[in-house]
Each structure stands twice: as structure tokens, then as C-alpha cells.
Amino acid sequence: MNIRQKSFVVFLFLTLAGLPAIPANSTFSGMVRDYAAMRLESLDMSVHEQTLDAFYEHTTDMGQLTLHPVVYSNPNKALQLDLAEAYFDFYLDSADVRVGKQKVIWGEAEGAFITDLVSPRDMRSFILADFSEIRKAVPAIKVDYYAGPYTMQGIWVTHFIPTSLPASNSMWAQTPTLPFPPAITSVTFTTPSMPATTLENSEFFLSLGRFGNAVSWKLNGGYVFTDEPLASGVTAPSSSAREISQSYERYGFIGGSFNTALGGLVLRGETALALDKPMNSLDTSQNPPITIEKHTQVQALVGLDWNMLGSQWSTQYLMVYTHDHTASLVSQMKPVKEFAHTFTFRMQDTFFDEQLTVRLFTYIEVEPLNALLRPSISYNFGNGVLLEGGLDVFLGDKDGTFGTYASNSLAWAALRWYF
């Protein structure tokens, strides 16, 4: 056990030792996890991490305070303490107000982000983090106003928080191929410039929804920044070097989602229209070769959930259409298609009085054909102890979203304790 692991164990012991001192109007809960992953191609231990994910909730006459600290221990890094969320809920007669650092989930999609644009994502391990952990919290004021079956929600994100991308030395980092002349031997990307913390640079969201027995629906809209940076300019520090600056750009979107029961089926749908969404255009015949264009983009998803043969089943179809498409459009320096089609499939079943759970979640991208297969199995020993393991298998064309990570297919195992 190295010094970082020893520090984590000491921190965990001190945290749990303090549980008896929690006051009666407070609760402390969470999860401790030991996670290890091995790459199937190189047979190296690519990840071994311990996590303490905790929630502290304190109730008062005015409302409830929630603190969500997370501690990470990794052999290659110092012990990391992150206050993932910290907010206070005010409960009023016909409204709830949440103030502070918080995660907000919108939409009906599973494993996809369409109208779910309030919280940015943690993409440092691609999309392999738990769905509950992949969203990042934002500093915001959220107001939910209730009128019968209707809910109106307004969100003010006080300053912009971007999506976290893999570090340059990460196994998930992608080195873009830039068509500069052979004489250009050095191409670097600068650190993206962050928008100033001003009211003008705030993000705003508004939704109106209705929860019904037959159909539930929600209409959404917002004025946001691009979560990933765009290449905003090219400079030449020397005759053989190029430096690409990056920035975050603004756009607006409108959309909606619904779900309804059709006999034994649940039908879900979600769509978003991004208005004048900034995108990069890469054209070496132009000067500069990288520019920002604005295009309207449509994302639409339809999903079905059902029970069959004692198992839970789900499938989704996601389509992305970019208006006024040109062959020069790129996203993170990878080509943008005019139409992109992705399917997901999920199957889950339990055995031995729900102690054993078997699950399969799959992404399939149609053009080029590539996929991510995520089979897993877990066993619940009781008293909050859960042992699980699985595979993350990347298949198909190397130019695809998933096929490009073919050498990063993983076998993994984790031991969790919920308290």
C-alpha cells in the first residue's frame, strides 16, 4: 500500500469515525469504491482508483443544506478532494429554490445528451464514468414553480463551467490530424480562453413541463456556451510552427421531451434545435485555414422500454442533422457528418432474489460502423456491499466515435460499499 492509498484509508477512517456525531436533523450517506481496469490489448493496469463519494444533508426550518464531497486516491496523482456539489434548498408554498453548486439533469435520453445541456460533462475517461458521475455541477440558482400538474423551471448559471476533456498524456486523448504543409513541424493548441465572469456571460435556461398519467412532457430552451472549445485562430510563432488558439462560443437552443405508456411499452422522445451553433471549418485552401461557422443543428431521439421474459429491455435511435453542411466542418478536429445515426440497446436481468444483476449496454454508430459494448455483472452481498465486473469493448472503424479507441478496450472490476 503506497502513501496515497494509506492517506485515503486514514481519511476514510476519520470520516466514518465521525458518523456518531451527526446531529439528529442531519444525515450522512455515500459510497466507497475500489475500481481497477486493465487494457485487453496491452494487458497493463490502466486505472486503479479508490473513491469516497459522500452526501451530507442538514434540514432546517428554512430548507435543506446538501454537501457532496468526493475524494479520489490514484497511484499516479496526489489525493484529490472535490466538493462536487454544495447547495441549499428553500421550500416555499408553491415553489422550490435551489442555490449553489448543483447538477441538473434534463431530458429522456439514456447515455446521450440532447437537451441535457445545463450541466457539462466529465469526459476525462471518455463516456465510461457512471452516468450519475459524468455530469459536473454548475454554480446556479434554480427555481421550480408548481401549478397543479405543471412545473415551470428557470435556471441562472452565474458563470460558465466547461466540459472536462482528457489530458494530453491520457489514454483517451486524441491527437488531431491537421493538414498543414510538411514544412510545419510543430502544431500546438493554446489553453482555451475562459469567458469573463459577468452577467453578460451567464447561461440561462427555461422549461415548462407537465406530469400526467397518460403523457408527461417538457419544453426547454437556453442560451449557452459550447461545452468544448473551438479553434478560434492560427498564428505563426516561426516559419515551421503554428499555434492554434481556442475559445468558447455562444448559441441558443430550444427543444423538448416526452414519455408515455403504450400498453406494456414506454415510449420516450427528445429533440433539440441548436440555433446558429458555432462549429469549426477546416479548409487549407483558405487563409486562415481554420475558421468558425454557424450552423443550425437538429438532434432527435426516440426510445422504447419494455419488460420481456422477466428482463428489462430498452432501445434508442439518435439522429443528428447539420443544416447547410459542408465537407470542411469538424468537431474537435474530426469530420462532422450531415446526418449521423446512433443506436443504443440495454438489457438487464436479476437472479437469486435480485442479488445477482446482469446488464448489457451498447452504442452502435452506423456510419462508419463502430460500436461500444458494455456487458457487466454485479452481486449484492447485503449490508451495502456490491462486487461487480465487466468489459468495455470498442469495435469497428477507427474513424468512428468508438472505433477510434479500439486499443483501449478494458476489463474492469469494482468493490463498492454503500453506507
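The values are calculated or read from the model by the stated rules, or taken from the named source; none is laboratory data. Computed from a prediction, not measured in an experiment: that's the story for all the values here. When we count neighbours, we look across all protein chains shown, and the Cβ atoms used for this are built from the backbone with ideal geometry, even at glycine. When the accessible area is computed, the model is the full protein with side chains, heavy atoms only, and any ligands, DNA or RNA have been set aside. Shrake-Rupley method; radii C 1.70, N 1.55, O 1.52, S 1.80 Å.
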Rounded, prolate or oblate: which fits the range 365-419 when a ≥ b ≥ c are the square roots of the eigenvalues of the alpha-carbon gyration tensor, with rounded for a/c under 1.5 and prolate only if a/b beats b/c? prolate
For the range 315-403, the Cα convex hull volume per residue in Å³ comes to 116 Å³
Classified through the alpha carbon gyration tensor (a ≥ b ≥ c as square roots of its eigenvalues; rounded if a/c is under 1.5, else prolate when a/b is larger than b/c, else oblate), the range 21-139 comes out oblate
Per-residue ellipticity at 222 nm for the chain, helices alone: DSSP H runs ≥ 4 residues times -39500 (n - 2.57), over residue total, nearest 500 deg cm²/dmol? -1000 deg cm²/dmol
Using a Gaussian network for the chain with springs between C-alpha atoms less than 10 Å apart, which of these wobbles most: Ala54, Ala137, Ala241? Ala241
Exposure of Glu57 as accessible area (Å², to 10), given a probe of 1.4 Å and all protein chains: 60 Å²
Based on alpha-carbon atoms only, what is the radius of gyration of the range 129-263 relative to the globular estimate 2.2 N^0.38 Å? 1.47
The rounded separation in angstrom of the Cα centers of the range 91-134 and the range 305-333 is 19 Å
For the chain, the accessible surface attributable to carbon and sulfur atoms (probe 1.4 angstrom, ligands and nucleic acids excluded) amounts in percent to 61 percent
Counting pairs of alpha carbon atoms under 8 Å apart in space and at least six apart in sequence, what relative contact order in percent does the chain give? 11 percent
Full-stretch length increase - Thr177, Trp306 - with 0.36 nm per residue and alpha-carbon distance subtracted: 42.1 nm
DSSP beta bridge pairing in the range 103-186, given as percent antiparallel to the nearest 5: 75 percent
Count of lysine pairs, the chain, Cα-Cα under 19 Å, sep. 8 or more residues or interchain, comes to 14
What does the C-alpha gyration tensor say about the overall shape of the range 106-163? Classify as rounded when a/c is under 1.5, otherwise prolate if a/b is larger than b/c, or oblate. oblate
Under 17 Å from the 7 Å Cα→Cβ point of Lys77, by amide nitrogen: which residues of the range 378-419? none
Of the candidate values (i) 24.0; (ii) 20.0; (iii) 27.0, the one computed for mean projected area of the Cα convex hull in nm² from this structure is (i)
Net charge of neighbours whose Cβ lies under 9 Å from the Cβ of Glu133, counting Lys and Arg as +1 and Asp and Glu as -1: -2
